[in-house]
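Colleague: I am attaching a structure below and will ask some questions about it afterwards.
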Amino acid sequence: MAVPLEIRVQALAAQLLYALPLSLRRAFAGRPIRIDGQELALDAQLLLRMQKLVGAKLVNGASVAEARAGLDAARHLVSGKPISSIDTRDIDIPAEHGVIAGTLYTPHGLAAYSGLLVFYHGGGWVIGTRASHDTTARFLAARAGVRVLSVEYRLAPENPFPAAQEDAVTAFDYAYAKAAELGADPRRIAVGGDSAGGNLAAVTAQVTSGRGGPAPAFQLLLYPGVDAGSRHPSRDLFQEGFFLTDEEMTWFLDHYAPDGVDRTDPKLSPLRAADLTGLPPAYIATAGFDPLRDEGEAYAARLAEAGVPVALSRQADLIHGYVNFLGIGKRFAEATAEAAGALRVGLSHPTTT
């Protein structure tokens with residue numbers, strides 16, 4: 001699909017803005033923003049300034065269709081050029097309801113029997129696609145030296161909880177069963193995702209570990225939502241003006257877990273699980289200026305208390321969604337490269353599963 005002229009012009013303007021001398025970028029962004037002992041990165045502040053000037057929002061309109069279309073357009077502004085040294089192949093994952101679409105990303109020259117990441121995109125379980133996270137999937141594959149299977153799980157409100165969670169587990173089970181066909185080592189399969197995708201990865205790790213049998217070797221949880229049942233302090237600190245808002249979080253959750261859903265169910269709120277022992281090692285990244293920050297860090301603390309190896313990395317100067325902003329500035333790519341490095345290390349040795 002051709003990118004609209006208006007979007008191409010805005011993308012060019014963004015590139016020019018980030019190429020300006022530091023003094024001019026600072027003048028455009030305004031005074032540094034400091035909250036809770038943290039200073040917002042200039043790259044992030046510039047993005048928020050542009051977002052405000054054009055009136056863009058993550059949920060761009062009252063309807064689900066408008067929000068999905070808005071995200072599809074926005075990805076052309078901030079994702080950057082996709083890494084070309086990656087082969088892609090569409091995968092059909094059998095499921096009880098039909099087929100789950102997936103894309104397998106393989107870096108050029110990667111040997112067979114590699115590690116593999118089953119990746120669940122973010123978007124509040126309502127918006128987002130494999131296409132919206134294509135650049136992110138390519139980046140992780142290239143930087144971590146692994147295959148990435150990006151999954152098109154069912155979205156709400158057409159398919160509310162637990163549809164996405166069920167698809168996430170089905171995708172992992174498929175990757176494990178078909179590892180040889182995918183070119184992967186079944187002992188080195190990770191689950192991961194950003195935001196709602198991080199939620200699905202955490203839940204998948206819990207479900208598969210709890211039932212016995214095949215389970216992931218590693219979890220890559222990028223600013224995950226892990227507690228729909230309570231309100232953590234960071235949600236009030238950063239409820240407005242930092243990309244993901246309090247109002248939008250409510251909008252997403254109301255679509256995915258409408259009235260009648262127990263929002264403390266660990267399959268929706270993995271932080272609420274009674275026992276976290278025996279889960280695979282995890283890398284959890286949070287963003288300092290993110291409403292979801294505190295619940296992600298609470299989950300890391302609970303994993304550590306349960307004896308699960310966990311690396312918590314707060315990107316104190318960044319905002320929610322940073323793995324999608326790889327085409328502008330440098331700071332977003334730096335933080336995402338750290339995650340890719342953790343994934344590389346996490347899948348460097350086979351597990352005994």
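The values are calculated or read from the model by the stated rules, or taken from the named source; none is laboratory data. Everything numeric in this text was worked out from a predicted model, so none of it was measured. A quick note on method: Cβ atoms are made from the backbone with ideal geometry, for glycine too, and the neighbour counts reach across all protein chains shown. Please note that ligands, DNA and RNA were not included when accessible areas were found on the heavy atoms of the full protein model with its side chains. Shrake-Rupley method; radii C 1.70, N 1.55, O 1.52, S 1.80 Å.
Colleague: Within the group K81, K57, which residue is surrounded by fewer than 12 Cβ atoms within 10 Å (Cβ to Cβ) and either within 22 Å of the chain's Cα centre (by Cα) or outside any helix (DSSP H, G or I) (or both)? Steps first, answer last, please.
Modeller: Numbers: K57 fails: surrounded by fewer than 12 Cβ atoms within 10 Å (Cβ to Cβ).
When all the criteria are applied, what remains is K81.
Colleague: In addition: Give me a count of the residues in region 27-41 that are touching a strand residue (DSSP E or B) at 6+ places or on another chain (Cβ under 9 Å) and surrounded by 15 or more Cβ atoms within 10 Å (Cβ to Cβ).
Modeller: 4
Colleague: Just one of (1) open to solvent by 40 Å² or more (accessible area, probe 1.4 Å); (2) β-branched (V, I, T); (3) under 20 Å from A337 (Cβ atoms) trips up T129, so point out which.
Modeller: (3)
Colleague: Here are A196, A142: which of them is under 19 Å from F218 (Cα atoms), open to solvent by less than 10 Å² (accessible area, probe 1.4 Å) and touching a residue at least 12 places away in the same chain (Cβ under 8 Å)?
Modeller: Exactly one of A196, A142 is under 19 Å from F218 (Cα atoms), open to solvent by less than 10 Å² (accessible area, probe 1.4 Å) and touching a residue at least 12 places away in the same chain (Cβ under 8 Å), namely A196.
Colleague: Now a separate question. Quick one: L221 ticks every box in (1) assigned to a strand (DSSP E or B); (2) under 21 Å from A44 (Cα atoms); (3) out of contact with any strand residue (DSSP E or B) (no Cβ under 8 Å at 6 or more places or on another chain) except a single one, so which number is it?
Modeller: (3)
Colleague: Something else about it: Are there strands (runs of 3 or more DSSP E) fully within region 112-214 with at least 3 residues that are of a type outside the set (A, V, I, L, M, F, W, C) and in contact with a Phe, Trp or Tyr (Cβ under 7 Å, 6 or more places away or on another chain)? List them.
Modeller: It comes to 184-194.
Colleague: A further question on this structure: Please verify whether G122 is in contact with a helix residue (DSSP H, G or I) (Cβ under 8 Å, 6 or more places away or on another chain) and in contact (Cβ under 8 Å) with a residue 40 or more places away in the chain, treating the condition exactly as stated. Lay out the reasoning, then the answer.
Modeller: Working: in contact with a helix residue (DSSP H, G or I) (Cβ under 8 Å, 6 or more places away or on another chain): yes; in contact (Cβ under 8 Å) with a residue 40 or more places away in the chain: yes.
Yes, satisfied.
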